[in-house]
Amino acid sequence: MNGALIVLVLLLAVVAAFGLQNPGEHTVRFLHLTWVTSMLGVIVAAFAAGVLGGWITGVPGYFRRRSEASAWKKRIQELEIEVAALKAKLPPTAAPGPEGKR
């Protein structure tokens, strides 16, 4: 995780340096909208859109895994109760002899 964070910070630094070294104004057109902004603004907006898109696509999987983990946790508790009940029904066993046999 720390390595990925370092790579991300370095990538952002490179992108910011690129944007700062290209300070000219650029006209951005999208559908019927038009506005003038710097290259850094365009890069930051594209990066933010990518992060938001990646996060949105990951949200359903997060909730699915969380739901599955909850179901498995419930099943484990049921099985632990069942094992405890089965252990209570077993007669006590004799200790193994000197040769390891009963």
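Bear in mind that the values in this text are calculations on the coordinates, not laboratory data. Just so you know, these numbers come straight off a predicted model, no measurement behind them. Backbone-built Cβ (ideal geometry, glycine too); neighbour counts: all protein chains shown.
Before moving on, here are some points about what is shown:
- Cβ-Cβ FRET estimate between LYS73 and LEU11, R0 fixed at 35 Å, reported to 0.05: 0.40
- Computed [θ] at 222 nm, deg cm²/dmol, the chain (DSSP H ≥ 4; -39,500 (n - 2.57); rounded to nearest 500): -25500 deg cm²/dmol
- Student exercise, the chain dipole from Lys, Arg, Asp, Glu Cβ charges, in Debye to nearest 20: 580 debye
- Rotationally averaged projected area of the chain (alpha carbon convex hull; nm²): 13.8 nm²
- Simple spin-label estimate for PHE63 and ALA49 in nanometres, 7 Å along Cα-Cβ: 2.5 nm
- Dipole of the chain [Lys/Arg +1, Asp/Glu -1 at C-beta], most positive-end residue of LEU90, PHE63, TRP35: LEU90
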